[in-house]
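Structure, as structure tokens:
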Protein chains: 2
Amino acid sequence: MEDKEIEGWDYRAKPSSLSRRFEFSSYAQTRDFLDRLDQLSQQTGLYPHSTNFGTGYVNLTIDLDVDAEAYQAFAVQVGQLYRA
Amino acid sequence: MEDKEIEGWDYRAKPSSLSRRFEFSSYAQTRDFLDRLDQLSQQTGLYPHSTNFGTGYVNLTIDLDVDAEAYQAFAVQVGQLYRA
């Protein structure tokens, strides 16, 4: 496992980024996750590079090119939102 | 212009869908658009097939395979949210 890898996330080296698919059984659950992700971003000032969602899934890509440690910690927190 | 085309949107025939990129000068504006889009979806019961966003843009794909007329009207309303 490389330094920049985070359990549960797919690590890609070029560009250095983490990606993950989160699945939900309803739009209400998807929306709840997106709302909590938004709150986390506003608290931390860190945002996914891209967020792609439909009614039952959210795909996130988090860029690690700048301030990798902060964004790795952010990825861990996002994973915790999913379990919560 | 084919029947299913809507001004401002890119129409693709297979699968039958509309797509469009909306750009914003701040995350606050992006978020405001996403919130109003969510309200519109909850009012109409119609949702984009996929929503892809970063801090300054939103890319939408709207599926026309089922109930094309309703989703065309939805696309027009989404365009109006952007101007509002």
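Scan (1) under 15 Å from A:D10 (Cα atoms); (2) crowded, with 18+ Cβ neighbours inside 10 Å for the single condition A:H49 breaks and write down its number. (2) is the only condition that A:H49 fails.
Considering (1) buried (at least 16 other Cβ atoms within 10 Å of the Cβ); (2) more than 11 Å from chain A (Cβ to nearest Cβ), the lone condition that B:E5 does not fulfil carries the number (1). Here A:I6 passes the criteria (1) modelled with pLDDT under 95; (2) within 24 Å of B:R21 (Cα to Cα) except the one numbered (2). Residues that are closer than 18 Å to B:T30 by Cβ, touching a Leu at 6+ places or on another chain (Cβ under 9 Å) and not aromatic (F, W, Y) within the stretch A:50-84 comprise A:S50, A:T51, A:N52, A:V58, A:L60, A:T61, A:I62, A:D63, listed in sequence order. Just one of (1) surrounded by 17 or more Cβ atoms within 10 Å (Cβ to Cβ); (2) under 18 Å from A:T51 (Cβ atoms); (3) among the aliphatic types (A, V, I, L, M) fails for B:A75. It is (2). The residues listed here are A:R36, A:R31, A:R20; of these, the one that is touching a residue at least 12 places away in the same chain (Cβ under 8 Å), surrounded by 17 or more Cβ atoms within 10 Å (Cβ to Cβ) and of a type in the set (D, E, K, R) is A:R20. Close contacts from the stretch A:45-66, counting a first residue that is at the interface with chain B (Cβ under 10 Å from one of its Cβ atoms) and a second that is among the small types (G, A, S) and not in a strand (DSSP E or B), with Cβ to Cβ under 6 Å and a gap of 6+ residues or different chains, come to A:Y47/A:S41.
The values are calculated or read from the model by the stated rules, or taken from the named source; none is laboratory data. What you see is a predicted model; the values in this text were computed from it and never measured. Neighbour counts are summed over all protein chains in view; Cβ atoms, including those assigned to glycine, are modelled from backbone coordinates with ideal geometry.
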